[in-house]
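The values are calculated or read from the model by the stated rules, or taken from the named source; none is laboratory data. What you are looking at is a predicted structure, and each value in this text was computed from that prediction instead of being measured. Methodologically, a virtual Cβ is constructed for each residue, glycine included, from the backbone with ideal geometry; neighbour enumeration extends over all protein chains shown.
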């Protein structure tokens, strides 16, 4: 076998084959990701927290902002007074802004004038979680898309990925803009993204989210989305909308028009 | 050996300058300075022993952070089976009522600047004056 040569051609062939073999592993990983499996199979079994917003009962069109005020008070959300730097956990917009895909040529009169509360949808397939390079944001088993401010490096990928604009960024130290600091929840610092957390800290203490508690018209219902619960009854008994559901993010805030 | 005098003289001057902080502190009588954090009067036992807290409070707080935020479990069980709520503002500062007289004294002495307080609240009585926007 002394005349067998390892020539240039076979060397290049083997190199190409080797590189191909290296690329196979990431490709297999990509198609076998649990998040994709979960997205295709719908909501996971077990606890799944969700919110129903009854647009008929909500009095935001009459100027009620009790829920927004309560949310922003308990979470020390600053009022910077500058639209570009606004921090919003919960806010209200017009119907056509909240549901651009429902902006039909003729929208039913009562719907057209409705104000819609918008917040983080705590998606079952959250794009913000996929893009976060430090896992500062992740999806808990009960469905809450959590934020770990300690780990956030302020890259704002999550803000670019979120199709709902639910995330805000602290361009400056928010503390001077918080009217009264509530010691029950930390403030944030410059260079950190933030959003609604479904009042995770209040749920841990056995309380309802601040917005639900503050709502006097009963427009907000929150709970585990399993058969028999209030929120499940509401959603399963009537026509409902979800914001940009066609994107496949599986949002968990349901609107009853 | 050439220039013996210059080399030894130079070395002596160098040693004098390099050891300046040490002999200056000794001469000014501050060599035995120790930070003196004010301990709470209401309690005599922290979540763990004082020695452990002195050496490992930073690791413990990181463990608290990960447990409360990442795992959603905000109950800490100490080595002597007492339970505590994991909360910097609510639990630590309940006894250590003054950040300035407790945390800051050692941190300033050792030149460490932990960024806990950028977000975690210090109850208003001891809050640093706010900058008006």
Original post:
Of all the helices (runs of 4 or more DSSP H) wholly in the stretch B:1-68, which have at least 1 residues that are touching a strand residue (DSSP E or B) at 6+ places or on another chain (Cβ under 8 Å)?
Top reply: B:50-65
Original post:
Could you say whether any residue in the stretch B:61-70 is within 17 Å of residue B:106 (Cα to Cα) and in contact (Cβ under 8 Å) with a residue 12 or more places away in the chain?
Top reply: yes
Original post:
So which of A:209, A:163 is closer than 23 Å to residue A:242 by Cβ, more than 9 Å from chain B (Cβ to nearest Cβ) and out of contact with any strand residue (DSSP E or B) (no Cβ under 7 Å at 6 or more places or on another chain)?
Top reply: A:163
Subject >> Complete set of residues in the stretch B:114-131 that are facing chain A (nearest Cβ under 7 Å), at pLDDT 85 or above and farther than 10 Å from residue A:183 by Cβ >> reply: B:118, B:119
Subject >> Top-ranked residue in the stretch B:73-89 [being surrounded by 16 or more Cβ atoms within 10 Å (Cβ to Cβ) and within 11 Å of another protein chain (Cβ to nearest Cβ); ranked as nearest to residue A:205 (Cα to Cα)] >> reply: B:74
Subject >> From B:43, B:48, B:101, residue being more than 11 Å from chain A (Cβ to nearest Cβ), within 30 Å of residue A:177 (Cβ to Cβ) and in contact (Cβ under 8 Å) with a residue 12 or more places away in the chain >> reply: B:101
Subject >> the stretch A:71-89, subset part of a helix (DSSP H, G or I) and buried (at least 19 other Cβ atoms within 10 Å of the Cβ), residue farthest from the other protein chains (Cβ to nearest Cβ) >> reply: A:71
**OP:** Mind listing just one residue for me: the one in the stretch A:103-140 that is assigned to a loop (DSSP other than H, G, I, E, B) and within 14 Å of another protein chain (Cβ to nearest Cβ) and, of those, nearest to residue A:61 (Cα to Cα)?
**Re:** A:140
Original post:
Given the structure, is residue A:154 at pLDDT 95 or above, touching a strand residue (DSSP E or B) at 6+ places or on another chain (Cβ under 9 Å) and surrounded by fewer than 22 Cβ atoms within 10 Å (Cβ to Cβ)?
Top reply: yes
Original post:
Does residue A:175 satisfy the criteria of being within 13 Å of chain B (Cβ to nearest Cβ) and under 23 Å from residue A:80 (Cβ atoms)?
Top reply: yes
Original post:
Restricting attention to the stretch A:144-160, which residues are within 12 Å of the chain's Cα centre (by Cα) and within 12 Å of chain B (Cβ to nearest Cβ)?
Top reply: A:144, A:146, A:147
